[in-house]
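The structure under discussion appears below in the form of C-alpha cells.
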Amino acid sequence: MPSSTFTLQKYKAADYGIHPNDVSEAALATIHELTKAGFQAYVVGGGVRDLLLGLHPKDFDIATDATPDQIKRVFGRGCQIIGRRFQLAHVYHNRQMLEVATFRAPHEEHTAHSQTSAHGMIVRDNIWGSIDQDALRRDFSINAMYYQPETGQILDFANGMKDIKSKTLRMIGDPATRYREDPVRMLRVARFAAKLQFRLDDATEAPVKDLAYLLKAISHHRLYDESHKMFACGHLQALLQHLGEMDLFSALFPQVKEDVFNSPLVKLAAKNTDDRIQQGKSVNPAFFYAVVLWEWQQRLTKLELDRGEDIFPAYQSAGIKVLTLQSQQTAIPRFVAQTIRDIWDLQPRLEKPRSRVVPKLIIQPKFRAGFDFLLLRELSGDNRTHGMGTWWEHYQAVSTDEQEVLLRLLDKPKAKPKSNKPKKPKAVVANTKEAQ
Ligand code: ATP
Ligand code: MG
C-alpha cells in the first residue's frame with residue numbers, strides 16, 4: 001500500500017488516559033536527553049500500543065532522528081551501538097537498558113547500507129529516514145504509533161488507533177511483500193494475534209500459508225529468540241492454535257509431527273505455562289522445548305532400545321541427537337539444551353526409582369523440572385509413568401517418618417493379581433515360526 005493512502009492522525013495522549021508517568025523513568029530520561037540535544041525522540045511500538053490497550057508494556061522502545069553515532073555522543077559511555085543487519089543503540093539508565101532506534105527509510109536494493117536477497121529478503125537495513133518513512137516500514141498499524149511524553153502527543157501514521165479500537169491486526173503495506181522482506185513477521189502475526197486477542201485482517205493472514213517456507217532461510221539464532229518469545233508470550237494456548245492454522249509449525253520444528261501440537265501433553269503444558277505467567281511466575285524456556293520435542297526423543301530412544309542399548313544411555317544418545325538436529329532450525333543455547341536433557345534423562349529414573357536413590361534424586365538441581373515434567377505426562381494420560389508422578393508429589397508432602405514407610409513399600413515387589421484359572425502348561429514352541 002503506498003504511503004499516500006494514510007493520513008497522519010494526531011491524538012492527545014491524555015484523552016486516552018495516557019500520561020508521562022505511565023512511561024518508565026529510564027524512557028522519560030532518555031527522551032529528555034535526546035530532545036535537549038535537539039533531536040526528536042518518541043516511545044514507539046509495543047509501549048504505545050499496550051498503554052492504549054490498558055496493558056503493562058514489557059518495555060519501552062525509543063525511536064529518534066539521531067543517528068547511532070549521534071546517540072553515542074549524547075550518552076557517551078552510557079550507550080553501546082549493537083547489530084550489523086539492524087544497527088541499534090542500547091542506552092543504559094540506572095542499570096536499565098533501552099533500545100533506541102534511528103528512524104529508517106524504506107530499503108533500496110543493493111546499496112552499501114541496505115541489501116535484499118534473491119527472495120526479496122532484507123539482509124541489511126541501515127538507511128536512515130524521516131519519522132513517516134520509519135512508521136511505514138514497521139510491521140503492524142498498531143505498532144506504528146509514536147508517543148512524545150513531553151508534548152503529550154501521539155502520532156498515528158497508519159490508522160493504528162482505528163485498528164486498536166476494532167481489535168484488528170493489520171500488516172502495513174502489501175503483506176506478501178512484507179513477509180518476503182522479513183519472514184519472521186509471519187511468526188509475529190501469530191504471536192501478536194494471540195497475545196492481544198486481536199482478529200486477523202484477511203489480507204494479512206491470506207499469504208502466510210504459502211510463504212511459511214521462507215522461514216527456513218532465517219538465521220537459526222533469530223528463530224530461537226522468536227520461539228522463546230512465543231513460548232513466554234502468556235497466550236501460548238491461543239498461539240498454538242494460530243500457528244497450526246497458518247502452517248507455521250513445520251518451519252520451526254520440521255521433525256516434529258504436527259499432531260504433537262494438539263496432543264494432551266503439549267496442550268496441558270501450554271496451559272501451565274500461561275497460568276504461571278499470569279501469576280507473575282517465571283518460565284524456563286527449556287521446559288516447553290522439552291515438551292514439544294518429547295515424542296521425537298521417545299521415538300529415537302525406542303530405536304536405541306530396540307538395538308539393544310540400555311535405558312539410560314538410550315535416553316542420553318536420543319536426547320543428544322534430537323537437540324543437535326533441532327538446533328539446526330532454532331539454535332538452542334547450550335545451557336537450555338542441558339536443562340532439556342536433564343529433564344528427559346530424569347524421566348526413567350523418576351519412573352522406577354529404588355528407595356536408596358530417592359534422597360539423591362530429590363536433591364538434584366533439575367529434580368523440580370524433571371518432576372513437573374513427569375507429573376504433566378501423567379496428568380495428560382501417559383501411563384508409562386506408572387503413577388509415579390503422584391507418588392513423588394505425595395512423597396514430598398509427607399513427614400520424614402511417612403517418607404520412610406513409602407520408601408520401604410517402594411522396594412517391595414508388587415504382588416501380581418491372583419488368578420483363579422488353572423495354570424496352563426508351558427507351550428512347546430520349538431520349530432514354530434514365533435520361536436525363530
Ligand atoms: P513486545 O516488546 O511487547 O513483544 P513490540 O511491538 O514492542 O512488542 P518489539 O519486538 O520490541 O515488539 O519491536 C518494537 C517495534 O519494532 C515493533 O512495535 C515494530 O514497530 C517494530 N518491529 C519489530 N520487529 C519488526 C519486524 N520484523 N518488521 C517490522 N517492524 C518490526
Ligand atoms: Mg518491545
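Confirm whether Thr339 is touching a residue at least 12 places away in the same chain (Cβ under 8 Å) and not in a helix (DSSP H, G or I). No; evaluated as a whole, the condition is false for this residue.
Filter the stretch 35-59 for residues that are buried (at least 18 other Cβ atoms within 10 Å of the Cβ) and either among the small types (Gly, Ala, Ser) or not assigned by TED's automatic domain parsing to the domain that holds Asp139 (or both); which is farthest from ligand 1 (Cβ to nearest atom)? Going through the qualifying residues, I end up with Ala41.
Here Lys352 fulfils each of the conditions (1) at pLDDT 95 or above; (2) more than 27 Å from Val283 (Cα to Cα) apart from (1). Inside the stretch 69-96, can you point out the residues that are within 16 Å of ligand 1 (Cβ to nearest atom), within 17 Å of His32 (Cα to Cα) and either buried (at least 18 other Cβ atoms within 10 Å of the Cβ) or modelled with pLDDT of 95 or more (or both)? Within the stretch 69-96, Ala89, His90, Val91 meet the criteria. Scanning the stretch 144-162 for residues being over 11 Å from Leu52 (Cα atoms), in contact (Cβ under 8 Å) with a residue 24 or more places away in the chain and not in a strand (DSSP E or B) gives a total of 7.
I'd like to check something: does the stretch 2-12 contain any residue that is touching a helix residue (DSSP H, G or I) at 6+ places or on another chain (Cβ under 6 Å) and either part of a helix (DSSP H, G or I) or within 16 Å of ligand 1 (Cβ to nearest atom) (or both)? Checked the stretch 2-12: at least one residue is touching a helix residue (DSSP H, G or I) at 6+ places or on another chain (Cβ under 6 Å) and either part of a helix (DSSP H, G or I) or within 16 Å of ligand 1 (Cβ to nearest atom) (or both). Condition check for Ala63 on (1) in contact (Cβ under 8 Å) with a residue 24 or more places away in the chain; (2) surrounded by fewer than 19 Cβ atoms within 10 Å (Cβ to Cβ); (3) within 13 Å of ligand 1 (Cβ to nearest atom); (4) closer than 30 Å to Ile277 by Cα: one failure, at (2).
The set of residues in the stretch 239-287 that are free of Cβ contacts under 8 Å to residues at least 12 places away in the same chain and either in a helix (DSSP H, G or I) or crowded, with 17+ Cβ neighbours inside 10 Å (or both) comprises Glu245, Asp259, Asp275, Arg276. Within the stretch 205-224, the set of residues being of a type outside the set (Gly, Ala, Ser), without any contact (Cβ under 8 Å) to a residue 40 or more places away in the chain and away from ligand 2 (no atom under 16 Å from the Cβ) comprises Pro207, Lys209, Asp210, Leu211, Tyr213, Leu215, Lys216, Ile218. Residues being outside any helix (DSSP H, G or I) and farther than 15 Å from Ile62 by Cα: count how many of those fall in the stretch 132-143. Selection size over the stretch 132-143: 3.
The values are calculated or read from the model by the stated rules, or taken from the named source; none is laboratory data. Bear in mind the structure is a predicted one, so any value in this text is a computation, not a measurement. All Cβ positions, glycine included, derive from the backbone under ideal geometry; neighbour counts span all protein chains shown.
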